[in-house]
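Q: Can you read through this structure? Questions will come right after.
The values are calculated or read from the model by the stated rules, or taken from the named source; none is laboratory data. Computed from a prediction, not measured in an experiment: that's the story for all the values here. Positions of Cβ are generated from backbone atoms using ideal geometry, with glycine treated the same way; all protein chains shown enter the neighbour counts. To get the accessible areas, we keep the full protein, side chains included, count just its heavy atoms, and leave off ligands, DNA and RNA. Shrake-Rupley method; radii C 1.70, N 1.55, O 1.52, S 1.80 Å.
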Amino acid sequence: MSGGQLLELTLRDILQVINPLREDWSIRFYIINELQAVVQSIESLRGATVEPFGSFVSNLFTRWGDLDISIELSNGSHILSAGKKHKQMLLDDVLRVLRTKGGWHKLHFFANARIPILKLETSHSISCDISINNLSGQMKSKLLFWMNEIDGRFRDMVLLIKEWAKAHNINDPKFGSLNSYSLSLLVVFHFQTCVPAIFPPLKEIYPGNMVDDLIGVRALAEKHVEETCAVNINRYRSDSSRLTNQSSLSQLFMSFLEKFSDISAKAATQGISPYTGQWEDIDTNMRWLPKTYAIEDPFEQPVNTARTVSNKQLARISNSFQTTLNMVNAANQDQSMLVSALVRPQISQFLVKPPFRCQSSHSNGTRPQIPRAIQPAGGVQHQFQNRRSQKRQNETNQRPAQVVHIPKVHSQVQQVWRPRSES
């Protein structure tokens, strides 16, 4: 077995371990249902809905991934813009009720953050970030979900890179490293700059600043974004003149490490723009001042998603890329060395022993089967929008937009995703 084959096999094994199972979806739906009950008990939040966003909605979360929640305030059919002080007050109300109710742990309120956040941990040991009126976060999550319709390798790469980043302690913005959204954008940018390219510049998917268009009637604003993206994604997918990138997952992973191994050196002069799909010179891009390492948010320009990354941490991030690249190249036939470079110790324990290695009962050389992870196709987005979908249809007198093709899912699997009934 060659080094490339061993890496490919190891990456596939890692995905089998970190991909969410049915119960992981069920638990998160249950948590959202519990939070909805809490919100409904608060007078100042009467009529508000609890809606997930982030990696859960974009289907880019691992078994142990966090859960992002937006409490959407009632404002009839229109998008409401709540001030920061109002958001702080409402989250403080939520905090008091959660403390009184009990069962919620590690409650921390970051009132003065750019976007006020209430952090907590559930009895299922799942971390939750709660914000107010984060419609932009919901739409960004959907856009990343739709990008996977172009090429399914995107999701695999994001999950692998997020686990690798956690293993190297470079996925924690509180300590000056990269947040998960930035890591996802790095994978988007990698797919844009591969040869041949896998993704187009995101300005070809949604031209303009998406966040600026989230105004007025919510149903119409969302419909505009959804239909624009659907048309452009389908146009890109159906382009027969487009060259197909046939790189394996291991080849994409290695080229990702190579591409960003010198980010510390590049950071002084260039930033990453998934919107244009290319490196941008900071000196000529006035939107990025002050001059810091930049990963521009393609849906909320000129916001820098890597604004918390310090120069010291940037050097350490660059070193992690280079060190991993060297270790993977040196590993050759040593899978334990590969695993140690790619995942955390608590993940590696599932990779260095059965059932992921062939055993005597599989003498024909085939690999033993393990439970397959569930990969929903749109179920998350529609599950909680049902709370307001009928209202939206009545207000607009139109059917909800049909976005990119979404494969049907077996009814038994859909049943697993539904929130459990409260006992």
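Q: When you look at residue 63, is it out of contact with any Gly (no Cβ under 7 Å at 6 or more places or on another chain), open to solvent by 40 Å² or more (accessible area, probe 1.4 Å) and under 17 Å from residue 180 (Cα atoms), yes or no?
A: Yes: the conditions hold for residue 63.
Q: From the residues in segment 266-275 that are open to solvent by less than 50 Å² (accessible area, probe 1.4 Å) and outside any loop (DSSP other than H, G, I, E, B), which one is farthest from residue 319 (Cα to Cα)?
A: 273
Q: Okay, next question. With the checklist (1) under 22 Å from residue 136 (Cβ atoms); (2) in a helix (DSSP H, G or I) in hand, flag the one item residue 191 doesn't pass.
A: (1)
Q: Given the residues 242, 287, which is the only one that is among the basic types (Lys, Arg), without any contact (Cβ under 8 Å) to a residue 24 or more places away in the chain and out of contact with any Leu (no Cβ under 9 Å at 6 or more places or on another chain)?
A: Numbers: 242 fails: without any contact (Cβ under 8 Å) to a residue 24 or more places away in the chain.
Residue meeting the stated conditions: 287.
Q: Is segment 125-140 home to any residue that is free of Cβ contacts under 8 Å to residues at least 40 places away in the same chain, farther than 29 Å from residue 349 by Cβ, part of a helix (DSSP H, G or I) and hydroxyl-bearing (Ser, Thr, Tyr)?
A: no
Q: Can you name every residue in segment 43-60 that is over 30 Å from residue 165 (Cβ atoms) and either open to solvent by less than 20 Å² (accessible area, probe 1.4 Å) or touching a His at 6+ places or on another chain (Cβ under 9 Å) (or both)?
A: Residues satisfying the conditions are 45, 48.
Q: Against the conditions (1) surrounded by fewer than 19 Cβ atoms within 10 Å (Cβ to Cβ); (2) at pLDDT 95 or above; (3) more than 28 Å from residue 23 (Cβ to Cβ); (4) hydrophobic (A, V, I, L, M, F, W, C), where does residue 132 fall short? Just the number, please.
A: Going through the list (1) surrounded by fewer than 19 Cβ atoms within 10 Å (Cβ to Cβ); (2) at pLDDT 95 or above; (3) more than 28 Å from residue 23 (Cβ to Cβ); (4) hydrophobic (A, V, I, L, M, F, W, C), residue 132 breaks only (1).
Q: Also, I was wondering about something else. Between residues in segment 165-190 that are of a type in the set (D, E, K, R) and residues that are assigned to a loop (DSSP other than H, G, I, E, B) and surrounded by fewer than 20 Cβ atoms within 10 Å (Cβ to Cβ), which pairs lie under 6 Å by C-beta distance while being six or more apart or on different chains?
A: Sorted first by the residue in segment 165-190, then by its partner, the pairs are 166/344.
Residues checked against (1) of a type outside the set (Ser, Thr, Tyr); (2) closer than 20 Å to residue 143 by Cα; (3) open to solvent by 40 Å² or more (accessible area, probe 1.4 Å); (4) not in a loop (DSSP other than H, G, I, E, B):
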| residue | (1), (2), (3), (4) |
| --- | --- |
| 182 | no, yes, no, yes |
| 187 | yes, yes, no, yes |
| 198 | yes, yes, no, no |
| 215 | yes, yes, yes, no |
| 227 | yes, yes, yes, yes |
| 234 | yes, yes, yes, yes |
| 240 | no, no, yes, no |
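Q: Let me ask something else. Could you please find all residues in segment 66-75 being touching a strand residue (DSSP E or B) at 6+ places or on another chain (Cβ under 9 Å) and open to solvent by 40 Å² or more (accessible area, probe 1.4 Å)?
A: Hits for segment 66-75 are 66, 74.
Q: Are any residues in segment 245-265 surrounded by fewer than 15 Cβ atoms within 10 Å (Cβ to Cβ) and either modelled with pLDDT under 95 or assigned to a helix (DSSP H, G or I) (or both), and if so, which ones?
A: 258, 262, 265
Q: When you scan segment 145-164, do you find a residue that is part of a strand (DSSP E or B), in contact (Cβ under 8 Å) with a residue 24 or more places away in the chain, open to solvent by less than 60 Å² (accessible area, probe 1.4 Å) and under 26 Å from residue 26 (Cβ atoms), even just one? Steps first, answer last, please.
A: Step one: list which residues in segment 145-164 are part of a strand (DSSP E or B), which gives none.
The answer is no; no qualifying residue exists.
Q: Inspect segment 96-107 for any residue being touching a His at 6+ places or on another chain (Cβ under 9 Å), of a type in the set (Val, Ile, Thr), open to solvent by 30 Å² or more (accessible area, probe 1.4 Å) and at pLDDT 95 or above and give the result as yes or no.
A: Looking through segment 96-107, none of the residues is touching a His at 6+ places or on another chain (Cβ under 9 Å), of a type in the set (Val, Ile, Thr), open to solvent by 30 Å² or more (accessible area, probe 1.4 Å) and at pLDDT 95 or above.
Q: Also, quick follow-up: Out of all the residues in segment 78-93, which are open to solvent by 60 Å² or more (accessible area, probe 1.4 Å) and either basic (Lys, Arg) or touching a Cys at 6+ places or on another chain (Cβ under 9 Å) (or both)? Outline the logic, then answer.
A: Keep residues of segment 78-93 that are open to solvent by 60 Å² or more (accessible area, probe 1.4 Å), which gives 78, 80-81, 84-86, 89.
Scanning segment 78-93 gives 84, 85.
Condition check ((1) among the hydroxyl-bearing types (Ser, Thr, Tyr); (2) closer than 20 Å to residue 314 by Cβ; (3) touching a Ser or Thr at 6+ places or on another chain (Cβ under 7 Å)) across all residues:
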site	(1), (2), (3)
112	no, no, no
115	no, no, yes
127	yes, no, no
153	no, no, no
197	no, no, no
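Q: Also: When you go through 173, 207 one by one, which is the residue that is open to solvent by 30 Å² or more (accessible area, probe 1.4 Å), at pLDDT below 95 and within 25 Å of residue 142 (Cα to Cα)?
A: Every option except 173 fails the conditions.
Q: Then there's this: Could you grab me the full set of residues in segment 100-142 that are farther than 13 Å from residue 71 by Cα, touching a Phe, Trp or Tyr at 6+ places or on another chain (Cβ under 9 Å) and among the aliphatic types (A, V, I, L, M)?
A: 120, 126, 139
Q: Residue 167 is checked against (1) open to solvent by less than 10 Å² (accessible area, probe 1.4 Å); (2) of a type outside the set (Phe, Trp, Tyr); (3) farther than 30 Å from residue 71 by Cβ and fails just one. What number does that condition carry?
A: For residue 167, the exception is condition (1).
Q: Also: Report the residue count in segment 108-124 for those that are open to solvent by less than 30 Å² (accessible area, probe 1.4 Å) and in a loop (DSSP other than H, G, I, E, B). I'd like the intermediate steps shown before the answer.
A: Start the filter on segment 108-124 by keeping residues that are open to solvent by less than 30 Å² (accessible area, probe 1.4 Å), which leaves 111, 116, 118, 120, 122.
When the remaining residues are screened for being in a loop (DSSP other than H, G, I, E, B), the result is 111, 116, 122.
Summing the residues that are open to solvent by less than 30 Å² (accessible area, probe 1.4 Å) and in a loop (DSSP other than H, G, I, E, B) in segment 108-124 gives 3.
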